Amino acid sequence: MLLSELKRIFHKELDALYGKEEVSSFFYLLTEEYLGLERFVLAIQPDLRIQKNEEPKMFAALSALKEHRPIQHIIGSAQFMDMEFKVGPKVLIPRPETEELVRWVLADVDKQANLDILDMGTGSGCIAIGLAKSLKNANVQGLDISEEALEVARENALKNEVDVHFFKADMLDFYSELSFDIIISNPPYVRELEKNKMNKNVLFFEPESALFVSNEDPLIFYRGVARFASKHLKPNGMLFLEINQYLGPETCALLDTFDFNAIELRKDMYGNDRMIKTIKNSQL
Ligand code: GLN
């Protein structure tokens with residue numbers, strides 16, 4: 001079959017669901033992943049044919065996309081901070097907004113320092129691993145309540161050749177003897193009432209426990225993390241949070257009830273309130 005014909009079928013079947021541009025990007029990702037072809041190959045070889053035995057994989061991916069399965073689940077990995085992460089139904093797919101949060105940390109720390117860092121609700125491990133990759137002298141740990149997520153996170157640390165200690169704990173009820181220079185978290189924050197705004201690929205295929213909180217108490221995890229951080233950050237230690245874009249002021253107000261200074265709310269690349277940094281009060 002001609003590769004151009006296969007591309008035409010992808011567009012015919014999927015453009016209405018995803019839009020032309022996104023379908024092109026899916027198609028090229030799949031031809032790269034499954035057929036080992038570079039993106040520009042069609043431009044220089046418009047009559048390139050693919051082998052008969054290579055067709056079923058591409059058509060299986062097409063059906064999965066029609067059912068809203070995330071492209072990252074189909075190819076089994078996602079890109080984050082220029083690294084590859086294994087993903088699956090038990091962890092949230094790393095998001096570009098979360099990468100912005102990690103870059104904020106990296107911009108605000110001494111990269112050579114021996115920092116103690118804790119990621120609360122680590123999921124795929126992308127935040128902890130992203131930090132460990134750039135902060136060579138840091139001691140990075142990540143906790144999650146899901147054993148299945150921790151398995152994925154450990155695999156991702158190996159895959160990306162970093163040393164991160166991942167362990168099972170409940171961020172709402174976590175006791176530790178340790179104190180940290182940086183605590184970071186991207187906890188569940190989508191309210192049930194926001195479900196109707198979400199894409200089917202997220203709603204059907206990503207873990208509910210990583211995404212949703214009740215309408216009545218949407219900041220439950222922020223309260224838990226803030227409580228822990230107010231006791232376990234070193235003086236001048238920093239807390240970084242990814243947040244619900246509709247709850248920026250509320251999340252800042254919650255943090256203000258704890259022992260923090262300099263609460264800073266930032267927008268993501270889409271212009272939505274998305275992340276907060278705050279500093280533990282240094283007075284004893
Ligand atoms: N940003 C994610 C989404 O909208 C949610 C991440 C989270 O709940 N922590 O799908």
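Every read-out reported here was derived from the displayed coordinates using simple, explicitly stated rules and does not represent laboratory data. Since we're looking at a predicted model, the values are computed, not measured. Here the Cβ positions follow ideal geometry from the backbone for every residue, glycine too, while neighbour counts run over all protein chains shown.
From the list E194, E177, exactly one residue is farther than 22 Å from M81 by Cβ, among the charged types (D, E, K, R) and in a loop (DSSP other than H, G, I, E, B). Which is it?
None of the others qualify; the one that does is E177.
Looking at region 187-236, which of its residues are of a type in the set (S, T, Y) and farther than 18 Å from N261 by Cα?
Y189, S209, S214
From the list E33, E84, E99, E67, exactly one residue is surrounded by fewer than 18 Cβ atoms within 10 Å (Cβ to Cβ), in contact with a strand residue (DSSP E or B) (Cβ under 9 Å, 6 or more places away or on another chain) and closer than 29 Å to S209 by Cα. Which is it?
None of the other options fit; the residue is E84.
Taking region 123-155, which residues are among the polar types (S, T, N, Q), surrounded by fewer than 24 Cβ atoms within 10 Å (Cβ to Cβ) and not in a helix (DSSP H, G or I)?
Narrowing region 123-155 to residues among the polar types (S, T, N, Q): 124, 134, 137, 139, 141, 146.
If we keep only those that are surrounded by fewer than 24 Cβ atoms within 10 Å (Cβ to Cβ) as well, we get 134, 137, 139, 141, 146.
Once the filter is applied, which keeps residues that are among the polar types (S, T, N, Q), surrounded by fewer than 24 Cβ atoms within 10 Å (Cβ to Cβ) and not in a helix (DSSP H, G or I), region 123-155 yields N137, N139, Q141, S146.
So, L135, is that one of a type in the set (A, V, I, L, M, F, W, C) and either in contact with a His (Cβ under 9 Å, 6 or more places away or on another chain) or within 16 Å of the ligand (Cβ to nearest atom) (or both) or not?
Details: of a type in the set (A, V, I, L, M, F, W, C): yes; either in contact with a His (Cβ under 9 Å, 6 or more places away or on another chain) or within 16 Å of the ligand (Cβ to nearest atom) (or both): no.
So L135 does not fit the description; no.
Just to be sure before I move on: is G248 farther than 23 Å from T122 by Cβ, within 16 Å of the ligand (Cβ to nearest atom) and not in a helix (DSSP H, G or I) in the structure I sent?
no
What are the residues in region 210-229 that are more than 10 Å from the ligand (Cβ to nearest atom), surrounded by fewer than 19 Cβ atoms within 10 Å (Cβ to Cβ) and not charged (D, E, K, R), if any?
Within region 210-229, S214, N215, I220 qualify.
Is it true that D119 is within 16 Å of the ligand (Cβ to nearest atom) and either free of Cβ contacts under 8 Å to residues at least 40 places away in the same chain or crowded, with 24+ Cβ neighbours inside 10 Å (or both)?
On the way: within 16 Å of the ligand (Cβ to nearest atom): yes; either free of Cβ contacts under 8 Å to residues at least 40 places away in the same chain or crowded, with 24+ Cβ neighbours inside 10 Å (or both): yes.
So D119 fits the description; yes.
Given the criteria among the charged types (D, E, K, R), within 21 Å of S77 (Cβ to Cβ), in a helix (DSSP H, G or I) and without any contact (Cβ under 8 Å) to a residue 24 or more places away in the chain, does E33 qualify?
Judged against the criteria, E33 is not a match.
Just to be sure before I move on: is T98 within 16 Å of the ligand (Cβ to nearest atom) and either among the polar types (S, T, N, Q) or more than 30 Å from D181 (Cα to Cα) (or both) in the structure I sent?
yes
For region 189-198, enumerate the residues that are farther than 23 Å from G130 by Cβ and either more than 8 Å from the ligand (Cβ to nearest atom) or buried (at least 18 other Cβ atoms within 10 Å of the Cβ) (or both).
R191, E192, L193, E194, K195, N196, K197
Just to be sure I understand, how many residues within region 98-122 are touching a Ser or Thr at 6+ places or on another chain (Cβ under 8 Å) and outside any strand (DSSP E or B)?
Here the count works out to 3.
Being under 15 Å from the mean Cα position of the chain (by Cα) and basic (K, R) narrows it down to one of K90, K111, K52, so name that one.
Details: K111 fails: under 15 Å from the mean Cα position of the chain (by Cα); K52 fails: under 15 Å from the mean Cα position of the chain (by Cα).
When all the criteria are applied, what remains is K90.
Quick one: is N186 among the polar types (S, T, N, Q) and more than 10 Å from the ligand (Cβ to nearest atom)?
In short, no.
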